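Take a look at the structure set out below.
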Amino acid sequence: MTFEFDHLFIFTDVGAIEADRLLSFGLVEGSSRVHRGQGTTNRCFFFHNAMLELLWVYDPEEAQSDRIYLTRLWERSRDRSNGACPFGICLRSTGESDGTIAFSSWAYQPPYLPENVSIAVGTNSEILTEPMLFQIPWGKRPDTYSGEKSQPLNHSIGFREITRVELVTPAANNPSPELQAVIATNQLKMRLGSEYCIELGFDGEVQGQQADFRPELPLILCW
């Protein structure tokens, strides 16, 4: 079984005004989603092979409910300026799925999904210095979406595919087995840094350029 990078989430303040900088930069925003019962919603940017999601908590009570609590989404949102990693990394399997998960996991069944559908969440979910790791059974490349699910993929900056995802983290020297397993899929790189940041490389980064959206958003885009 092989795996692909499906999407990245970054926790933001309510409304994700940081997305406006991405719009000014030349990205086109896609549709958003309210995660009913989970207490979160988002603003999203879709590329041919993956998605970037800016996520925030709109209902703290839902995010802290018994059904959601083990994800630690609330703590990641609340404490992201106080040591908590604000990221989530999602994988998808390729080809015919045999149910293989890339890392040790538990089944998360949020209220916004059908009862028979679950998300595999890494058993490192309580380690707030690492990204939340998860894998979804329905993941597909955005350029294969059809009908109402199709998203805008033509960005004026010219980006097509995410070809590198690199986590910069103060906790790089002691990764959990779950995080090591994701790195072993070759869908995520990691290096040591003083602050959390994600670098997304596009289309092989042949132009040798980058845009840094810090400090408002811990994100660097490279192309």
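The values are calculated or read from the model by the stated rules, or taken from the named source; none is laboratory data. Every value quoted in this text rests on a predicted model; they were computed, and no experiment measured them. Note that each Cβ is placed from the backbone with ideal geometry, even for glycine, and that neighbours are counted across all protein chains shown.
Can you find a residue that is in a strand (DSSP E or B), touching a Cys at 6+ places or on another chain (Cβ under 6 Å) and surrounded by 15 or more Cβ atoms within 10 Å (Cβ to Cβ) anywhere in segment 215-223? I'd like the intermediate steps shown before the answer.
We begin by selecting, within segment 215-223, every residue in a strand (DSSP E or B); these are 219-222.
In the following step, the residues that additionally are touching a Cys at 6+ places or on another chain (Cβ under 6 Å) were identified as none.
Scanning segment 215-223 turns up no residue that is in a strand (DSSP E or B), touching a Cys at 6+ places or on another chain (Cβ under 6 Å) and surrounded by 15 or more Cβ atoms within 10 Å (Cβ to Cβ).
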Inside segment 1-32, the number of residues satisfying the requirement of being closer than 15 Å to Pro152 by Cβ and either at pLDDT below 95 or outside any helix (DSSP H, G or I) (or both) is 7
Over 24 Å from Glu4 (Cα atoms) and of a type in the set (Asp, Glu): does that describe Glu75? yes
Restricting segment 119-151 to residues that are acidic (Asp, Glu) and assigned to a loop (DSSP other than H, G, I, E, B), the residue that is farthest from the chain's Cα centre (by Cα): Glu126
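Checking the conditions here, which among Cys90, Cys85 is part of a loop (DSSP other than H, G, I, E, B), closer than 22 Å to Thr169 by Cβ and not charged (D, E, K, R)? Talk me through it step by step, then tell me what you get.
Working: Cys90 fails: part of a loop (DSSP other than H, G, I, E, B).
Result of the check over Cys90, Cys85: Cys85.
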Which one of these does His48 not meet: (1) closer than 25 Å to Thr163 by Cα; (2) out of contact with any helix residue (DSSP H, G or I) (no Cβ under 6 Å at 6 or more places or on another chain); (3) not β-branched (Val, Ile, Thr)? (2)
Has segment 63-76 got any residue that is assigned to a loop (DSSP other than H, G, I, E, B), under 17 Å from the mean Cα position of the chain (by Cα) and without any contact (Cβ under 8 Å) to a residue 60 or more places away in the chain? no
Take the residues of segment 194-211 that are over 18 Å from the mean Cα position of the chain (by Cα) and surrounded by fewer than 13 Cβ atoms within 10 Å (Cβ to Cβ): which is nearest to Cys90 (Cα to Cα)? Gly204
Within segment 11-29, track down each residue that is touching a helix residue (DSSP H, G or I) at 6+ places or on another chain (Cβ under 8 Å) and not acidic (Asp, Glu). Phe11, Thr12
Counting only residues in segment 114-170 that are crowded, with 16+ Cβ neighbours inside 10 Å and small (Gly, Ala, Ser), the one nearest to Leu221 (Cα to Cα) is identified as Gly139
